[in-house]
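Single-structure report; data block below.
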Amino acid sequence: MKLHTFVNLVLVSLMVVAGSAHAADGGKGQLLYDRLGGKAAITAVVETFVGKVGGDKRINGFFASTDLANLKMHLVNQICGASGGPCTYTGRTMKQTHKGMGVHDAAFGALVEDLVAALDHHKVGKTEKRDLLALLGQMKSDIVEKK
């Protein structure tokens, strides 16, 4: 898998997860963006998440020549907009982005584990974390091509 393809996996996976989650209000009547704490909180989680992915030997080789500052900016903007915040995402669908990549269960699992660790580190609420992870799980079939 090429580096830019894997970076797209990370970007679009998080963006679509958050985008689908913005309608789920966790019974509190708020957008996911607000329940996550807004752009500052999203930025903090993304910072931690990218650091965890960078330190994850299962997948970090894909990021060897990635401009991490640029990656973080894109992740923040995509999650912000998709979760109901003031940003806009105009990228491709999950199926379009992942077609032919050969993503396997282990890579998907590693990415999810790193996201969970970042969410836990920032003490993201159970409901918000559950909403994000449930939506990511629903999209697995659009991402993973190899079991």
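The values are calculated or read from the model by the stated rules, or taken from the named source; none is laboratory data. Computed from a predicted structure; not experimentally measured. No Cβ is skipped: glycine too gets one built from the backbone with ideal geometry, and neighbour counts run over all protein chains shown. Ligands, DNA and RNA are stripped out before the accessible areas are found, and what is left, the full protein with its side chains, is counted by its heavy atoms. Shrake-Rupley method; radii C 1.70, N 1.55, O 1.52, S 1.80 Å.
Before we move on, is L119 open to solvent by less than 20 Å² (accessible area, probe 1.4 Å), closer than 23 Å to G84 by Cα, in a helix (DSSP H, G or I) and not charged (D, E, K, R)?
Values: open to solvent by less than 20 Å² (accessible area, probe 1.4 Å): yes; closer than 23 Å to G84 by Cα: yes; in a helix (DSSP H, G or I): yes; not charged (D, E, K, R): yes.
Against the criterion (open to solvent by less than 20 Å² (accessible area, probe 1.4 Å), closer than 23 Å to G84 by Cα, in a helix (DSSP H, G or I) and not charged (D, E, K, R)), L119 qualifies.
Can you find a residue in region 54-72 that is of a type in the set (A, V, I, L, M), within 17 Å of V112 (Cβ to Cβ) and at pLDDT 55 or above? Steps first, please.
As a first pass, look at region 54-72 and keep what is of a type in the set (A, V, I, L, M): 59, 64, 68-69, 71.
Of the ones still in play, those that are also within 17 Å of V112 (Cβ to Cβ) are 59.
Filter once more, keeping what is at pLDDT 55 or above: 59.
Yes, region 54-72 contains a residue that is of a type in the set (A, V, I, L, M), within 17 Å of V112 (Cβ to Cβ) and at pLDDT 55 or above.
Take region 96-113 and flag every residue that is under 23 Å from M73 (Cα atoms), at pLDDT 75 or above and of a type outside the set (A, V, I, L, M, F, W, C). Show your work before the answer.
Initial filter on region 96-113 (under 23 Å from M73 (Cα atoms)): 96-98, 107-108, 110-113.
The next check asks that each one be at pLDDT 75 or above; those that pass are 96, 107-108, 110-113.
Selection gives Q96, E113.
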